[in-house]
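Trainee: Sharing a structure here in C-alpha cells format.
FYI, it's all coordinate maths here, none of it is from the lab. None of these values were measured; they are calculated from a predicted model. In this analysis, Cβ positions are derived from the backbone assuming ideal geometry, glycine residues included, and neighbour counts consider all displayed protein chains.
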Amino acid sequence: MSVASRIRLKAFGIPMLALGAALTLSACAGDDDLEAFVDPTVPADQTYNEALANVEAGDTRQARKKLAKLDRQHPYSEFARKSGVLSTYLAYQAGDFPEAISQGKRFVSLYPAHKEAAYAQYLVGMSHFKQLSDVTRDQRAARETFRAMNEVVTRYPDSEYVEDAKRKMRIAKDQLAGQEMLVGRYYQERREYLAAINRYRSVVERFEDTRHVEEALARLTESYYALGLTSEAQTAAAVLGHNFPDSQWYRDSYALLEQGGLRPSENQGSWISRAAKFIVGA
C-alpha cells in the first residue's frame, strides 16, 4: 500500500499527555540560551503540511520528526489526530517496528471505532510479522503476529485487511508448530518418548491446520510404538491414514506397524481420535 493512498486519512488521531510541569528558566539566562532551549511553536496545520511535503519528497525521516513535533506541540488538535496512522505507517516503512507497534497500539486503543483503526492494527501485526525468525530461535514474534492479526480478524471482520491477516496467522502458526516439531524430534532422538509425545500432541491439538500435523501423527505412531503403547500407535496411524491417505508418512507408519504384526486401527477413546475431527481433511 502506497504512502499516497494513506495520505487520504481524515482528521482524527492520537492525543498524547501534555507535558506535566512548566519549565522554569533562570532569570540570568541570555536570549541566545533561551532561543536554543525553546522549541518554537508552529501552527498545527503548517507542521502537518510540511510533513506531507516531506513524504512526497521521499524524506520520511524528516516527516516523522515533523509529525512527532506536531503531536508534542498540539496534542489535542485535529491535525495531531489526523497524523496518527500516518506516523504508524512511516515508522513501519522505515523498519522501526517497535515504534510502529507502539504508535499503532496507541491509535487503536484511543480510537477503536475509527475507520482507519483496522489499518493501524494491521500495521501492528505486520511489524511483528517482519520480525519472524527461524524456528530454531525464540518465537515471540510469531506469537505476537498471531495475536495482532487475530485482532484484525475478530474486531474488524469487514475490513480489507482480513484475508491477508488470516494468511499471516497461518504462517505464524506454522512457525510455532515447526518449533514444537523441532523440540519433539530432539527428544525422540534421545529416546525421551514421553517428552516427544507431549510436543507432537501440542501440534495435533493446537496447530491442526498447519502442514506439520501430518508428520506429528507419524511421529506419534513411532513414539507410542517404541513405548509399547500399541493401541495409541495404531490410532495415530489410523487418523493419519484417514486424513492423508497418500502420504509417505502414512506409508512409513503402516510399514512400522506391520513389523509388529499390527495395522492401523482407531481407538475412539483415545485423545488422538477426539482431536481428529479438528484436523484439516477430517
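Trainee: For Ala255 and Arg137, FRET efficiency with R0 = 30 Å and r from the beta-carbon atoms, rounded to 0.05?
Mentor: Computed FRET efficiency for Arg137 and Ala255 comes out at 0.30.
Trainee: Separation between the Ser273 and Asp59 pseudo-spin-labels, each 7 Å from Cα along Cα→Cβ, expressed in nm?
Mentor: The two pseudo-label positions are separated by 7.2 nm.
Trainee: At 7 Å along Cα-to-Cβ for each site, give me the label-to-label distance between Ile171 and Val42 in nm.
Mentor: 3.7 nm
Trainee: Another one. Filter Lys65/Lys105; Lys130/Lys277; Lys65/Lys173; Lys65/Lys115 down to the pairs with a C-alpha to C-alpha distance above 30 Å, please.
Mentor: Over 30 Å Cα-Cα: Lys130/Lys277; Lys65/Lys173.
Trainee: Further question on the same structure: Please enumerate, by chain and number, the lysines with C-alpha under 16 Å from the C-alpha of Lys66, excluding those fewer than 8 residues away in the same chain.
Mentor: Lys82
Trainee: Can you report the principal axis dimensions of the range 140-245 using only the alpha carbons, biggest first, rounded to whole angstrom?
Mentor: Extents along the principal axes, in whole Å: 51, 29, 16.
Trainee: Take the Cα of Glu189, step 7 Å along the line toward its Cβ, and report every residue of the range 113-139 whose backbone nitrogen sits under 17 Å from that point.
Mentor: Within reach of a label on Glu189, which here means backbone N under 17 Å from a point 7 Å along Cα→Cβ, the range 113-139 contributes 135-137.
Trainee: Sticking with this one: What order do you get for 178-185, 101-108, 136-143 when each peptide is scored by the mean count of other beta carbon atoms within 10 Å, highest first?
Mentor: In decreasing order of mean packing, 178-185, 101-108, 136-143 become 101-108, 178-185, 136-143.
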